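Colleague: Structure provided below as structure tokens; questions to follow.
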Amino acid sequence: MFVATIGFFDGVHCGHRFLISQVLEQARKEGLLSMAITMDRHPKTIVATDYVPCLLTTTEERMALLRKSGIEHVEVLEFDRKMAEMDARTFMKEVLRKRLDVSTLVMGYDHRFGHGGGTHEDYVKWGRECGIKVVIAQQFKNHYASSSEIRRLLTEGKVKDAAKLLNHPYVLTGIVESGHQVGRTLGFPTANLNIAENKLIPATGVYAVMTELGAGIMNIGRRPTLNNGTNLSIEVHIMNYKGNLYGKELHLSFIERIREEKKFASLEELKAQIQEDINQASAMFDATDKTV
């Protein structure tokens, strides 16, 4: 049997972690295992067919972050039209109790689930009918801690502010693919990344990032100096790295935005600016190290 909570948990931000801490405490009190229940896609993509989400986390990233939070079991439900049309009472009985063996459900103070929803009193009553104790979680005091607010910050390039609400740096995961190789001719080879569909891309600009291979700078933009048109490029230069990355998966944690993207008069000016970007990023990493 499990003490569980349910939600999409995009980003697994500090508000989510506050809820999870209450699940872990409740599980400890009852001597049961803890569970987080999430979905394989954003519910709005089923309820509103024209909704195209920009997500903070892929399913795999959400699962990893939930496990890192201390949750012992993560269940990913296949959210389809049938589940979207299931009322809360049936969902609690058939999915939570019978299928997942949930005995205690910790609900976010403002969370509702099931077609038609219900009041907290309704969930308590429906839970009692099928053998689930429903506990309403305490409210997290920071009302800015929401996935939508974090998305707003990232679309403005404010990755440092977003990290404070996430309680961890924002991460992009991508497969290295063949690019234009202009960076190599300038002396700063870059890895061009193919990012998962629907993953939110921060505002265009140059960022200090950390990868599993070391520190680097990332450019998100349309490469105006190279007349790249409207195509968006996502490329990273990893400092002091000289290996072949084609086909490999990279995880990039955003540390801070260095500057906006701009057009330079020549490749020599661009080369000088890249070196300055590297210098600024190095100073940012040095400052971060001193505060740890």
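The values are calculated or read from the model by the stated rules, or taken from the named source; none is laboratory data. Keep in mind that what you see is a predicted model, and the values were worked out from it rather than measured. FYI the Cβ positions are ideal-geometry reconstructions off the backbone, even for glycines, and counts take in every protein chain you see.
Colleague: With respect to the numbered conditions (1) outside any helix (DSSP H, G or I); (2) at negative phi, which one is the sole condition not fulfilled by Gly118?
Modeller: For Gly118, the failing item is (2).
Colleague: Pull out all pairs, ordered by first then second residue, where Cβ-Cβ is under 7 Å, the residues are six or more apart or on different chains, the first lies in region 238-256 and is closer than 10 Å to Met210 by Cα, and the second is part of a loop (DSSP other than H, G, I, E, B).
Modeller: The qualifying pairs are Ile238/Leu213; His251/Glu212; Ser253/Pro169; Phe254/Pro169; Phe254/Tyr170; Phe254/Pro202; Ile255/Pro169.
Colleague: Within region 64-82, which residues are free of Cβ contacts under 8 Å to residues at least 12 places away in the same chain and under 22 Å from Gly116 (Cα atoms)?
Modeller: Lys82
Colleague: Can you name every residue in region 51-109 that is at positive phi and among the charged types (D, E, K, R)? Let's see the steps before the verdict.
Modeller: Just the residues of region 51-109 that are at positive phi, to begin with: 70, 101.
Once the filter is applied, which keeps residues that are at positive phi and among the charged types (D, E, K, R), region 51-109 yields only Asp101.
Colleague: Ok, one more. Tally up the residues in region 23-49 that are part of a helix (DSSP H, G or I) and either hydroxyl-bearing (Ser, Thr, Tyr) or surrounded by fewer than 20 Cβ atoms within 10 Å (Cβ to Cβ) (or both), please.
Modeller: Result for region 23-49: 9.
Colleague: Which members of region 167-176 meet the condition of being touching a Leu at 6+ places or on another chain (Cβ under 9 Å) and more than 13 Å from Glu61 (Cα to Cα)?
Modeller: Once the filter is applied, which keeps residues that are touching a Leu at 6+ places or on another chain (Cβ under 9 Å) and more than 13 Å from Glu61 (Cα to Cα), region 167-176 yields Ile175, Val176.
Colleague: Further question on the same structure: Take the residues in region 235-282 that are part of a helix (DSSP H, G or I) and among the β-branched types (Val, Ile, Thr), then tell me which one is nearest to Glu61 (Cα to Cα).
Modeller: Here is the first cut: in region 235-282, the residues part of a helix (DSSP H, G or I) are 267-282.
Subsequent filtering for residues that are among the β-branched types (Val, Ile, Thr) retains 274, 278.
On the way: Ile274: 31, Ile278: 28 Å.
Ranking the qualifying residues of region 235-282, first place goes to Ile278.
Colleague: If His111 satisfies all but one of (1) closer than 27 Å to Lys199 by Cα; (2) outside any loop (DSSP other than H, G, I, E, B); (3) of a type outside the set (A, V, I, L, M, F, W, C), what's the number of the condition it fails?
Modeller: (2)
Colleague: Turning to a different aspect of this structure: Only one residue in Leu96, Leu105 is modelled with pLDDT of 95 or more, closer than 13 Å to Thr38 by Cα and in contact with a strand residue (DSSP E or B) (Cβ under 6 Å, 6 or more places away or on another chain), so which one is that?
Modeller: Details: Leu105 fails: closer than 13 Å to Thr38 by Cα.
After ruling out the rest, the residue left standing is Leu96.
Colleague: Over 22 Å from His143 (Cβ atoms), surrounded by fewer than 15 Cβ atoms within 10 Å (Cβ to Cβ) and under 17 Å from the mean Cα position of the chain (by Cα): which single residue out of Glu60, Glu78 fits that description? Even if it seems obvious, please write down each step before you answer.
Modeller: Numbers: Glu78 fails: under 17 Å from the mean Cα position of the chain (by Cα).
Sole residue among the options that is over 22 Å from His143 (Cβ atoms), surrounded by fewer than 15 Cβ atoms within 10 Å (Cβ to Cβ) and under 17 Å from the mean Cα position of the chain (by Cα): Glu60.
Colleague: Run down Ser34, Ser103 and say which single residue is in contact with a helix residue (DSSP H, G or I) (Cβ under 6 Å, 6 or more places away or on another chain) and either over 28 Å from Ile201 (Cα atoms) or acidic (Asp, Glu) (or both).
Modeller: Values: Ser103 fails: in contact with a helix residue (DSSP H, G or I) (Cβ under 6 Å, 6 or more places away or on another chain).
Matching residue, one of Ser34, Ser103: Ser34.
Colleague: A follow-up question, please. I need the full set of residues from region 155-175 which are of a type in the set (Gly, Ala, Ser) and within 20 Å of Leu66 (Cβ to Cβ), in order please.
Modeller: Ala162, Ala163
Colleague: Among the listed residues Ala208, Ala162, Ala145, Ala215, identify the single one that is assigned to a helix (DSSP H, G or I), touching a Phe, Trp or Tyr at 6+ places or on another chain (Cβ under 9 Å) and crowded, with 18+ Cβ neighbours inside 10 Å.
Modeller: Numbers: Ala208 fails: assigned to a helix (DSSP H, G or I); Ala145 fails: assigned to a helix (DSSP H, G or I); Ala215 fails: assigned to a helix (DSSP H, G or I).
None of the other options fit; the residue is Ala162.
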